[in-house]
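Inspection log for the structure reproduced underneath, given as structure tokens.
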Amino acid sequence: MYFETIPAGSRNFLSIRVEFQEDQTALTTGTGKFLISEWADTFEYALDPLPHNRTYFAAHLEFMNNYWEKASNGNIQINSDDNYQLPLADSAFTLPQAMRYYSNPDSLDYRLALMIYQSVMLAQNEGQYQSNNDAVIIYHAGAGQDFKISLDASPFDIPSFFFDDEYLSKYLTNDQYNELSALNCRRGIVLPESQNQLGISIALNGTEILLSGMLLGLPTMYDI
């Protein structure tokens, strides 16, 4: 029923990969950098295995396209062209703060909005940002704070979320908001490199589909 109200065609989802300043805190998963090799003393993950490089994220975008194309009976496609996956090199943009800074519970929305702004501006400053986009997907290093896990060893991981123009205008300064508006950054989602925690395998695909559905205009899939 809902697909009948969504315009058919291809969506240009611009993905941006960002890392953080490296740290060794146990409060967040990993060191702030994308995982290329396993952590010491951990097993090889069955879901979303390493390396988490540019090819890995391209495969996730391809999965997203395949899912929505199938679910919509061929009416919706996700553009996964190479120039919509940033950086163009097999690397990542580096944010100016450690992950823990952006997950401060006392000012979480403000810090996450700042993370969006800084991610977009890093791509823009490198001359790679594509203003002709329908939405932005920010993939960040580390795991998402999205599942209730007993004895959570990393309670300050970054939650995955959908953002829109209203959110950006509320939590950014006027100058920052206007800069993003000029770049046609008005809506998007923030996702981790994986949902795997130390010793626990959790697939990222479900989170991607849940949030990308909101980009397409679907109600949240938690709404029965």
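The values are calculated or read from the model by the stated rules, or taken from the named source; none is laboratory data. Every value quoted in this text rests on a predicted model; they were computed, and no experiment measured them. Glycine also receives a Cβ, built like all others from the backbone with ideal geometry; neighbour counts cover every protein chain displayed. Accessible surface is based on the protein model in full, side chains and every heavy atom, while ligands, DNA and RNA are left aside. Shrake-Rupley method; radii C 1.70, N 1.55, O 1.52, S 1.80 Å.
Here are a few things to note about the model shown:
- Per residue, the accessible area of segment 87-224 comes to 45 Å², computed with a 1.4 Å probe over protein heavy atoms only.
- Dipole of segment 69-183, positive direction: furthest Cα of A113, G144, Y84, with charges on the beta-carbon: G144
- Projecting the Cα atoms of L204, F93, L216 onto the charge dipole of the chain, computed from C-beta unit charges around the Cα centre, puts L216 farthest toward the positive end.
- Solvent-accessible area per residue, Å², over segment 42-82 with all protein chains present [probe radius 1.4 Å]: 52 Å²
- Mean residue ellipticity, 222 nm, helices only, the chain: the sum of -39500 (n - 2.57) across DSSP H runs of n ≥ 4, divided by residue count and rounded to 500, is -9500 deg cm²/dmol.
- A Cβ-based charge dipole, computed about the Cα centre of segment 1-152 with Lys and Arg at +1 and Asp and Glu at -1, lands at about 240 debye.
- Note on S201 and E166: with the Förster distance fixed at 30 Å, the Cβ-Cβ geometry gives a FRET efficiency of about 0.25.
- Bridge type composition, the chain - antiparallel percent by DSSP, nearest 5: 15 percent
- Expressed per residue, the C-alpha convex hull volume of segment 160-224 stands at 115 Å³.
- Calculated log₁₀ intensity ratio I(q)/I(0) where the Debye formula runs over C-alpha points of the chain, q = 0.11, 0.14, 0.17, 0.18 Å⁻¹: -0.52, -0.87, -1.31, -1.46
- With all protein chains in place and a 1.4 Å probe, the accessible surface of segment 96-224 carries 50 percent carbon and sulfur.
- In straight-distance terms, cross-link reach from K148 covers every one of the lysines whose alpha-carbon lies under 30 Å from its own, apart from those fewer than eight places away in the same chain; here that gives K33, K170.
- Where GluC sites (Glu not before Pro) fall in DSSP loop in segment 15-78, at most 15 other Cβ within 10 Å: E22, E38, E44
- Cα-Cα pairs of segment 128-199 separated by more than 21 Å (percent): 39 percent
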